[in-house]
Amino acid sequence: MAAPLVLVILVAVTVRAVLYRSSLAAFISERVEVASPLNAWKRVVEGLALLDLGVSPYSGAIFHETPLIIYLFHFLIEYAELVFMITDVLTAIALYLAIQDFNKVVFKKQKLLIELDKYAPDVAELIRTPMEMHYIPLKVALFYLLNPYTVMSCVAKSTCTINNTVIAFFILATIKGSAFLSAVFLALATYQSLYPLTLFAPALLYLLQRQFIPVKLKSKSFWLYTMQYAALYLCSLVVIICLSFFLLNSWDFIPSVYGFILSVPDLTPNIGLFWYFFAEMFEHFSLFFVCVFQINVFFYTIPLAVKLKEHPVFFMFVQIAIISIFKSYPTVGDIALYMAFLPVWSHLYRFLRNIFILSCVLIVCSLLFPVLWHLWIYAGSANSNFYYAITLTFNIGQILLISDYFYAFLRREYYLTHGLYLTRQDGTEAMLVLK
């Protein structure tokens, strides 16, 4: 499997290197779908210029990245293109290794449940085989490295690619069962963009499974392990934040980074849900609705944790998708990360109801983004309503896609235990309805 992975990496690096040297690089880096006020490369460059002049990069309203990012590129600015290509490759390798280990765990669990007669007798066609699962890690790496969204983020030098790398290593550490590294990378991901805080729950559930600790509120071992993992996470986060303070000798980065993410003061158009809504809103209502919009990312964590406590990796996938849809400044790079996981759930395709229509919606919207932007900004024959309409359609398509996968996952799990061919008491065929 190493040879195909190396081939995929070589193709991906070649594509990026060619695009870096083409006239498309400047065009892509200016696209609002690819770069946001939070992670645009030109803002990093301006922050570096201020730092070189001895001025705090957070003294104005331009730079909103973390201190570790600006100091990373302070030393590696000449090799920025190489840094972004390496981060993409590292993300793909981390995902490849993580899914490879996850597939082994899934197969062992499936084998144990078959031996214990936990599955219905007529579900043989739903049982996953080693041959079927063999190429999934490679497909995940392929889906990430050659996804146009990932390629564009890398070419635009959006720091979203670095966030994806940190999250990928967090996933790898979690699936490997390393609580310490999982907590460290989760703290680093939270430090970078705040929203990965919601990944604490699926990581904890997976690590509890690895330790064979039951998820019971009355269990002492459950609370002890939870406190240990929470302490590791919080200590790592405090250390990273203190390191940032020592680098800058100032706390200015906290309101400039986290205050900016939460309060959404920059209403530059993007593929998110915030900008148009708050541009049209009266100022005295904005605080309430900012809170309502921000709660969306965190609101679903607890009900998903209850429903998917036995399936923390699928929970993690859904939560990453929720973050990429409902965060304040999303880009296509965020979407690329959860889309890389779609091959992992290839066994759900038979239960998906609208996959073709939703795929078409996402592709068409992706193509219409630059068209409607041109009509609005340059031609003047459209307005912001047109662009927000396609943004709204794109996000609804994502929500329906994740809902479809969620439905398919629950449906398959039900069939595994109750049988594939359900019948009523009178012997007629029954229809499964999930409420």
- Express the relative contact order of the chain as a whole percentage, based on alpha carbon pairs under 8 Å and six or more residues apart in sequence. 20
- Message: Less than 22 Å apart at the alpha-carbon level, and either on another chain or at least 8 residues along: which lysines does that give for Lys42?
- Response: Lys157, Lys327
- Task: Output the peptides 33-43, 325-335, 278-288 sorted from most to least packed, where packing is the average of other Cβ atoms within 10 Å over each peptide's residues.
- Result: 325-335, 33-43, 278-288
- Task: With a 1.4 Å probe and every protein chain left in place, work out the accessible area per residue of the range 331-372 in Å², rounded to a whole number.
- Result: 40
- How big is the range 84-229 in terms of Cα radius of gyration and Dmax, in angstroms? 17.7, 52
- Comparing Tyr119, Tyr405, Tyr388 in a Gaussian network model of the chain (Cα, 10 Å), the one with the largest mean-square fluctuation is Tyr119
- Item | Highest-MSF residue in the chain out of Ser193, Ser29, Ser250 [GNM, Cα springs under 10 Å] | Ser250
- Message: Can you work out the Karplus-derived ³J(HN,Hα) for every residue in the range 219-226? Use 6.51 cos²θ - 1.76 cosθ + 1.60 with θ = phi - 60°, whole Hz, and x for glycine or proline.
- Response: 7, 5, 5, 4, 5, 5, 5, 4
- Message: Leaving out ligands and nucleic acids, and using a 1.4 Å probe, what accessible area per residue does the range 130-183 come to in Å²?
- Response: 32
- Task: Report, by chain and number, residues whose modeled amide H sits under 5 Å from the one on Ala382, excluding near sequence neighbours (fewer than 5 apart, same chain).
- Result: Trp376
- Task: Give me the percent of the accessible area of the range 109-160 that comes from carbon and sulfur atoms, probe 1.4 Å, all protein chains in place.
- Result: 67
- Here the range 162-172 yields Karplus 3J(HN,Hα) values (6.51, -1.76, 1.60; θ = phi - 60°; whole Hz; Gly and Pro given as x) of 5, 4, 5, 5, 4, 5, 5, 6, 4, 4, 4
- With all distinct Cα pairs included, what does the Kirkwood hydrodynamic radius of the range 228-275 come out to in Å, to one decimal, could you say? 12.9
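Once you order the gyration tensor axes a ≥ b ≥ c over the Cα atoms, which shape class does the range 23-154 get: rounded for a/c under 1.5, otherwise prolate or oblate by comparing a/b with b/c?
prolate
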- Protein accessible area in the range 225-326, 1.4 Å probe - carbon and sulfur %: 76
- the range 132-237: which chymotrypsin sites (Phe, Trp or Tyr not before Pro) are DSSP loop and have at most 13 other beta-carbon atoms within 10 angstrom? Phe212
- From phi via Karplus (6.51, -1.76, 1.60), per-residue ³J(HN,Hα) for the range 301-318 in Hz, x at Gly/Pro: 4, 5, x, 5, 5, 5, 6, 10, 5, 8, 9, x, 6, 5, 4, 4, 4, 5
- Dipole-positive endmost among Ala189, Tyr378, Val344 within the chain (Cβ charges, Cα centre): Val344
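Using R₀ = 45 Å, calculate the FRET efficiency as 1/(1 + (r/R₀)^6) where r is the Cβ-Cβ separation of Val15 and Lys220; round to 0.05.
0.25
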- Sum -39500 (n - 2.57) across every DSSP H segment of at least 4 residues in the chain, then divide by the residue count to get the 222 nm mean residue ellipticity, nearest 500. -21500 deg cm²/dmol
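Summing Lys, Arg as +1 and Asp, Glu as -1, what charge do residues with Cβ under 12 Å from the Cβ of Gly259 carry, Gly259 excluded?
With Lys, Arg at +1 and Asp, Glu at -1, the neighbours total -2.
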- Item | Inter-label distance, nm, simple model (7 Å from Cα along the C-beta direction), Lys118/Arg210 | 1.9
- Message: Over 18 Å between Cα atoms: which of Lys176/Lys220; Lys118/Lys216; Lys104/Lys139; Lys216/Lys309 fall into that group?
- Response: Lys176/Lys220; Lys118/Lys216
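The values are calculated or read from the model by the stated rules, or taken from the named source; none is laboratory data. Since the structure is predicted, the reported quantities are computational estimates derived from the model, not experimental observations. Please note: Cβ atoms are built from the backbone with ideal geometry, for glycine as well, and neighbour counts cover all protein chains shown. Side chains are part of the model used for accessible areas, which takes the heavy atoms of the whole protein and leaves out ligands, DNA and RNA. Shrake-Rupley method; radii C 1.70, N 1.55, O 1.52, S 1.80 Å.
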